[in-house]
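To start, the structure under review is shown below, and the notes come after it.
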Amino acid sequence: DVACVARRIAVDPALTARMLRLANSSFYGLQKQITTPSEAVAVLGLHNLRRLISTAAIMGKLPIAQDSAIEFESYWRHAIGTGLCARGIAAQKGINPESAYVAGLLHDIGRLVLAIRFPERYKGAMEHHRACGIPMVEAEDTVLGLNHAMVGAALARHWNFPEPIRQAIAEHHDVDRLPLATLVAVVHAADALAHALDFDGTENAMAAPIPQGTWDRLELHEEQVRAVADQADQEFALACRVLQ
């Protein structure tokens, strides 16, 4: 019920402001000014609204550190892009697309935690990753003694996310493990696809090529992957307005 959703959102001034800004953006090209939560819900639609709320809520839980080793906007652009790709792949496979979106959005949340908590050591891990040409999780293990997948899974557990989402965060770099859970495969493929689409604008492909086993587990054809990429690309500009 749109009116019920609008009433609940209206009690959160920050979320209301984000919604109104998004609904009044040039993306929608409306001539009438949107001024109420109920009008904004009607313009955005419940699916877009659900993603907006999920993204804004998660972003709001973490502080922004000026001396972090990670550039925050690039990080969140890749996270949102991965969420959109995961949602598209999940829809192709008949699994819950919104759970897949959240798993994709959170897949690297441990990187953000480590960069905020240990900025200098995490910069060292990133330098080790670049200098040695090894996966980021290996560089983190070497320099910090733990990696972002472990930290992200622990945070997801603390936030009481369902086990499949926690598992996807914990294992999205460990796709050689058998049996490979479907949501793990979805997030791994979405991560690589988001890097290929360069959603973060860095042209720095940190993700390894997708192993054949992942494609076999997902049973996706080339035209399906192309459809997922096209849809994610179309939705990306709108989804990223939550960063503004």
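Which residue is modelled with the lowest pLDDT, if the candidates are limited to the range 165-179 and must be crowded, with 19+ Cβ neighbours inside 10 Å and not charged (D, E, K, R)? Talk me through it step by step, then tell me what you get.
From the range 165-179, those crowded, with 19+ Cβ neighbours inside 10 Å are 165-166, 168-173, 175; that's our starting set.
Restricting the remaining residues to those that are not charged (D, E, K, R) gives 165, 168-170, 172-173, 175.
Numbers: Ile165: 92, Ala168: 95, Ile169: 95, Ala170: 95, His172: 91, His173: 88, Val175: 77.
Filtering first and then ranking leaves Val175.
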So in the range 56-87, with the set limited to residues that are of a type in the set (S, T, N, Q) and over 14 Å from Phe199 (Cα atoms), which one is modelled with the lowest pLDDT?
Gln66
What's the number of the condition Lys123 fails, among (1) at pLDDT below 90; (2) surrounded by fewer than 18 Cβ atoms within 10 Å (Cβ to Cβ)?
(1)
By residue number, the members of the range 19-45 that are of a type outside the set (Ser, Thr, Tyr) and modelled with pLDDT under 70 are Phe27, Gly29, Leu30, Gln31
Residue tally, condition closer than 11 Å to Asp191 by Cα and of a type in the set (Ser, Thr, Tyr), over the range 66-117
1
Output for the range 85-124, where each listed residue is outside any helix (DSSP H, G or I) and in contact with a His (Cβ under 9 Å, 6 or more places away or on another chain)
His107, Asp108
Number of the condition not met by Asn160 [criteria: (1) surrounded by 24 or more Cβ atoms within 10 Å (Cβ to Cβ); (2) polar (S, T, N, Q); (3) farther than 16 Å from Val187 by Cα]:
(1)
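Looking only at residues in the range 46-55 that are buried (at least 17 other Cβ atoms within 10 Å of the Cβ) and under 17 Å from Ala3 (Cβ atoms), which one is modelled with the lowest pLDDT? Can you show your working first?
Initially, the range 46-55 is screened for residues buried (at least 17 other Cβ atoms within 10 Å of the Cβ), giving 48-49, 51-55.
With the extra rule that they be under 17 Å from Ala3 (Cβ atoms), the set shrinks to 49, 53.
Working: Leu49: 73, Ile53: 69.
By that ranking, first place goes to Ile53.
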What number of residues in the range 126-140 are surrounded by 16 or more Cβ atoms within 10 Å (Cβ to Cβ) and under 19 Å from Asp174 (Cα atoms)?
5
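The values are calculated or read from the model by the stated rules, or taken from the named source; none is laboratory data. Fair warning: this is a prediction, and the values are worked out from it, not measured in the lab. Every residue, glycine as well, gets a Cβ built from its backbone with ideal geometry; the counts of neighbours run over all protein chains shown.
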